[in-house]
Amino acid sequence: MEAAFLLLSHPRGEGRTPQLLPLGSWDWGPRPTDQRRASEQALMTGSIPGFIDVVMNFNSPVLLEDNLIGQAKAAGKRVIFYGDDTWIKLFPKHFVEYDGTTSFFVPDFKEVDDNVTRHLDTVLKREDWDILILHYLGLDHIGHLTGPHSSLIGPKLKEMDYILKKIHISLLSKEKEASLPHLLVLCGDHGMSEAGGHGASSVEEVSTPLLLISSAFHRKMGNLQPPKHVQQTDLAATLAVGLGLPIPKNSVGSILYPVVEKRTMREQLRFLHLNSVQLSRLLQENVPMYEKDPGFQQFKVSEKLHGNWIKLYLEGNNSEVLLNLGKKVLKQYLDALKTLSMSLSKQVAQYDMYSMMVGAIIVLEITILLLLSTPKALCQNAAFEIPLSSSSFSLLFYLMVLILSAVHVIICTSAERTCFLCSISWLMAVGVMMLISALLCVIVALLTKTFENVRPSAQNLAASSSGWSELDLLILFGTLGHVLSLGASSFIEEEHQTWYFLINTLCLALGHEVFRNHFLGKDLDHNLAVEQNIKKNAKNVLQYKNDYVDVPETSKIYKASSSMELLPKVYEKWLQLASPWFILICCRLLRTLNQTGVQWAHRLDFGHWLTSSDHKIELSVLTCLSLIMIFVLVQRRCSSVSKVAMALGLLGVFCYRAAIGNVLLPWQRDRKSISKGIIEARFVYVFVLGILFTGIKDLLKSQIIFADVSIKSLGLWDIYNGLVLLAALLLRPHNLPVLVFSLLIQAVMTKFIWKPLKHDAAQVTIMHYWFGQAFFYFQGNSNNIATLDISAGFVGLESFIEVPALFLTVFATYIGPILWAIHLLSFLSSENNRSSAISHASFCYALICSIPVSAYIILVTSLRYHLFIWSVFSPKLLYEGVHLFITATICVFFIVMDQTNLIKP
Amino acid sequence: MKILRPKDVKTKGMRQINVRGGSQRVLALCLLFVHFESLPYGERLQGSTMKDADIKRLFYVHIFCIVSIILTTFIPSFFLEDFSVLETHLTWLCICSMCVAIINVVLYLQVKPNPSSKRSSIFHKISRLLKSCVYFFISCLLFHAIIVLYGAPLIELMLETFLFAVILSTFTTLPCLCLLGPNIKAWLRVFTRNGATSIWDNSLQITTMSSVIGAWLGAFPIPLDWERPWQVWPISCTLGATFGYMAGLLISPVWIYRNRKQLTYKSR
């Protein structure tokens, strides 16, 4: 409930006595807006910010939309501002004088207001301004701290009262000499809930008082009418008309009629005409069938009547007829405005619920299907069949299709608004209905089957649940906790914290496991270990029986690692013990590289230090070291051809960075020629494609000629290395250490944790997924569109070409998850004794990615009127959608790899 | 709870009070109970009665700990000006950890379940004491390192982070030191799955786990934008650890009572 005083010298008013116009509380409805920014945006533009704006402007802090302040500046008005510095971010060059108060430190509710009030005395005496905006934050802070019933509220309101009085008196004294009256607008930009917060859509939070005080208004004696509800967006239109400015283009508000009530009929009609022309233009832009809109028709009618009225007026007719006609036109205009405003607001603020529900249902059904088939998919043969045979299910299926089609027809014929599902062809719609009902039938069939089998498997389940290790519990609760955290906007803004926290805990749990494995495995848990070993052996035997492919020979790739085994065992033991701690330290270092999120984003991070122009030499050295490290880490698994290609490619990356001026080459210290580095980048692309091609060739060979398994894994590693090279090219200059640490952690985990501790495929998969997510944030991403690095889409391209640019941008954004997923595949395929591992992994990967997404879709659907929907939830939905798409691609790749395994005789 | 006390018990208890003289009344009362429960006549009774007595003793000790932690939140305000848990958090942290440390040392020395049978020399005792202190300090440093690895700032707010590490060590390492002594092997045994066999081992395991989990959960509200005073680093974590510890103190007697069949009486 910040108090914003808007002081405007009213250019056209002429009245005698100071008046108070109680317009009462206004309503800014369940409106998709970003808290403080958006409330100011709504005040000044009269429009409702939408998701598309966010994507188009890449969340630039400057308000680019047509707005009141911009119009005022264009018209040569001098605007002065004191208060919350969000305004200065929104309007950086619009104020002739300003003093921003940072609202960062909430517990302070005195200083923030004193900072505004101290300017008041001088500025009220001056004559050199047209608009004065004061934004008082103290009340908001008190509300956050202690709630609306605090004892601090009373004195604060008294203080505000005093300030209001002071302004009013000084304005009145000024008015004696000036011809034009002033307008004093007192309003809050949002309300306060019972707890003192705001952001939801309860009545207390979305309605605040609006008070217009001016000598131009006439005093109504005695009967004080109860205040009326008006929309927040109406203020922009009213103020624009009052100041003689054009109404902001995208404003959906209609002028507040009581403000102009006392003007001459001609002026009133003129104002209303201006407003309705603006609204009808907006309608024309947004609605294809605008002629049929009732508001537009009313507007046409009233325009015609208006023309008649003016004709009469110009003829000098001053009789009763003119007055009556005028009143009629007025009423017509007001109705037209109301309808236009309504249909425009609906256009923006309403959701296509039907299509949303259908989408959510499909997502939910697939997730349930995945969840239900978990036990079956993770057992040894890793196959799950869909039971569709019985006739009762086909009956159910036809019934469902019929019912859903009927519902579809009913909804589409009765819908007032266009909806996506109704606008696609009916064949497609029927396809969607069939998909829904088929999925439902499969779920029902699976459920009945599991209930039939529940008795024999009950004991099995009990036995398996007791065997859950701490790691399994952590994975389970971590996943659950992450899913739950998606319901809170702050946790979405700070999602990187969740992931860092989870992987830290994972590392500690792994450290505990390694520790126990070394110190206690032998003596105390001896019995247990023996038992487990017996079980494991039994399992292995089973596995051997089931699988026809088992090639327990050591692959060529791990020659290098086998040399490690020559080391004394003591060293290895200590290295193994130290490895989780090493990973923890790596993660801590990576955290300092990029500060993302919202709350702590302003903190200086190492990345900023590196990219500042003073530290170019340090950046060059770091880049050089990182590239060398990447080569060292990658070359162990390369075939000899791709080793050379990799080295040349990494050299090319350095040349590219030198060419675009990120780093310095030692021999050209002072040459300042900066090119786009197209040749260098294309040079690297050639090697990337070459390495990928070698990999694919190996894969095809392993599939067709039934060669060694090792060839296949060699091919996979080559593909992985090609992607690493591409990532090295595309990452931001200071982010190369992220890639290095990612490779390092993968190597350490493989050697010291996954192999010796013999984690099963599901655990390894989920660890990969977690690390992939964490690295998504380590490379500086967040759930905000602003951190998206679009420059990656222009690497090596002369101009903007859509498809490669899109591909490169998406890859550059999701380097972390993609690299970890491909590493998972390569790792599992090079582990010879795990034949069904890849199919397990692909199932787990699909499951673990789809659970948060489906939960999130449902959450967003239910939170669609949340205040943060457009600023927080929608960008996150975009990120999740793209991530899901990538996951699907990766899973297809997994399955293809697995298929080649099965084709072999 | 009403317990019939034989007369000799009472007199012995009273003597204890007299000996302690000026010590707090609550402490004396508690010691009274404790002494009653640890009387040698109990040893004649075998098996389950013995175990029940031990559980009861554990319960009283834990209740006393909880009460004293609650007392630390408002007793100091009588002596210190503008003391409150949230605003002068560091002071409270110091007081609370001191208080818990003293109570742990006193109570566990008093109620030690297995007093070492062999008489050890003074020198040996002092070396044990020194060793314990070193261990405690090391555990503080280790916790500090882990907290920093979890993302606490490295240089700023160092004191806050360190005090958090201290209070966490007080809740976890100190009881271990008191009960098991500076004996890493025993610790390792207690903190493995199925490693804890006696009542005291189990209570140690539960309280330690719950305070660590409490501290872990305490980090969750930090990213929320509620802008409450308790969201400031490290208040939510220390409060989480304290609540976790108190919950552990409450849960462990109950859990042990329900699983008393599986537990052996003597700790190794």
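The values are calculated or read from the model by the stated rules, or taken from the named source; none is laboratory data. As the structure is a prediction and not an experimental result, all values here were calculated from the model. So basically every Cβ, Gly included, is an ideal-geometry build from the backbone, and we count neighbours across all protein chains shown.
Take the residues in segment A:645-673 that are under 34 Å from the mean Cα position of the chain (by Cα) and surrounded by fewer than 19 Cβ atoms within 10 Å (Cβ to Cβ); name whichever of them is modelled with the lowest pLDDT.
A:Gly661
Looking only at segment A:595-630, count every residue that is within 13 Å of another protein chain (Cβ to nearest Cβ) and touching an Asp or Glu at 6+ places or on another chain (Cβ under 7 Å) and tell me the total.
So the answer is 4.
Taking into account only those residues within segment B:138-158 that are touching a helix residue (DSSP H, G or I) at 6+ places or on another chain (Cβ under 7 Å) and more than 20 Å from A:Cys586 (Cα to Cα), which is farthest from the other protein chains (Cβ to nearest Cβ)?
Filtering first and then ranking leaves B:Cys140.
For residues that are part of a strand (DSSP E or B) and at pLDDT 85 or above, scanning just segment A:66-97, find the one that is surrounded by the fewest Cβ atoms within 10 Å (Cβ to Cβ).
Across segment A:66-97, the extreme among qualifying residues is A:Glu97.
Checking the condition assigned to a helix (DSSP H, G or I) and modelled with pLDDT under 90, which residue from A:Lys676, A:Lys712 passes?
Testing whether each residue is assigned to a helix (DSSP H, G or I) and modelled with pLDDT under 90 leaves just A:Lys712.
Does B:Thr173 count as more than 14 Å from every other protein chain (Cβ to nearest Cβ) and polar (S, T, N, Q)? Steps first, answer last, please.
Working: more than 14 Å from every other protein chain (Cβ to nearest Cβ): yes; polar (S, T, N, Q): yes.
Considered against the rule, which asks whether it is more than 14 Å from every other protein chain (Cβ to nearest Cβ) and polar (S, T, N, Q), B:Thr173 comes out as yes.
When the residues of segment B:181-198 are filtered to those that are more than 23 Å from B:His124 (Cβ to Cβ) and out of contact with any strand residue (DSSP E or B) (no Cβ under 9 Å at 6 or more places or on another chain), which remaining residue is surrounded by the fewest Cβ atoms within 10 Å (Cβ to Cβ)?
Within segment B:181-198, the first condition is being more than 23 Å from B:His124 (Cβ to Cβ), and the residues that meet it are B:191-198.
The next check asks that each one be out of contact with any strand residue (DSSP E or B) (no Cβ under 9 Å at 6 or more places or on another chain); those that pass are B:191-196.
Working: B:Phe191: 19, B:Thr192: 19, B:Arg193: 13, B:Asn194: 11, B:Gly195: 17, B:Ala196: 19.
Taking the candidates together, the pick is B:Asn194.
Only one of these is surrounded by fewer than 18 Cβ atoms within 10 Å (Cβ to Cβ) and either within 30 Å of A:Ile678 (Cα to Cα) or in contact with a Cys (Cβ under 9 Å, 6 or more places away or on another chain) (or both): A:Ser799, A:Ser782. Name it.
A:Ser799
Rundown of residues vs (1) modelled with pLDDT of 85 or more; (2) farther than 20 Å from B:Leu154 by Cα, yes/no style:
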position: A:Leu593; (1), (2): yes, no
position: A:Thr596; (1), (2): no, no
position: A:His602; (1), (2): no, no
position: A:Glu618; (1), (2): yes, yes
position: A:Thr623; (1), (2): yes, yes
position: A:Ile628; (1), (2): yes, yes
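Before we move on, is B:Arg193 within 13 Å of another protein chain (Cβ to nearest Cβ), at pLDDT below 95 and in a loop (DSSP other than H, G, I, E, B)?
The answer is yes for B:Arg193.
So which residues in segment A:236-260 are in a loop (DSSP other than H, G, I, E, B) and within 23 Å of A:Gly307 (Cβ to Cβ)?
A:Pro246, A:Ile247, A:Ser254, A:Ile255
Among the hydrophobic types (A, V, I, L, M, F, W, C), surrounded by 20 or more Cβ atoms within 10 Å (Cβ to Cβ), assigned to a helix (DSSP H, G or I) and at pLDDT below 90: does that describe B:Leu204?
Yes.
Within segment B:86-101, can one find any residue that is exposed (fewer than 15 other Cβ atoms within 10 Å of the Cβ), modelled with pLDDT under 90 and part of a loop (DSSP other than H, G, I, E, B)?
Looking through segment B:86-101, at least one residue is exposed (fewer than 15 other Cβ atoms within 10 Å of the Cβ), modelled with pLDDT under 90 and part of a loop (DSSP other than H, G, I, E, B).
Just one of the numbered conditions (1) touching a Leu at 6+ places or on another chain (Cβ under 9 Å); (2) at pLDDT below 50; (3) of a type in the set (Lys, Arg) is not true of A:Lys559; which one?
For A:Lys559, the exception is condition (1).
Pick out the one residue from A:His168, A:His135 that is at pLDDT 80 or above, more than 14 Å from every other protein chain (Cβ to nearest Cβ) and more than 30 Å from the chain's Cα centre (by Cα).
Numbers: A:His135 fails: more than 30 Å from the chain's Cα centre (by Cα).
Within the list A:His168, A:His135, the selection yields A:His168.
If you go through segment A:294-308 one residue at a time, do you hit one that is outside any helix (DSSP H, G or I) and modelled with pLDDT under 85?
At the first step, the residues of segment A:294-308 found to be outside any helix (DSSP H, G or I) are none.
There is no residue in segment A:294-308 that is outside any helix (DSSP H, G or I) and modelled with pLDDT under 85.
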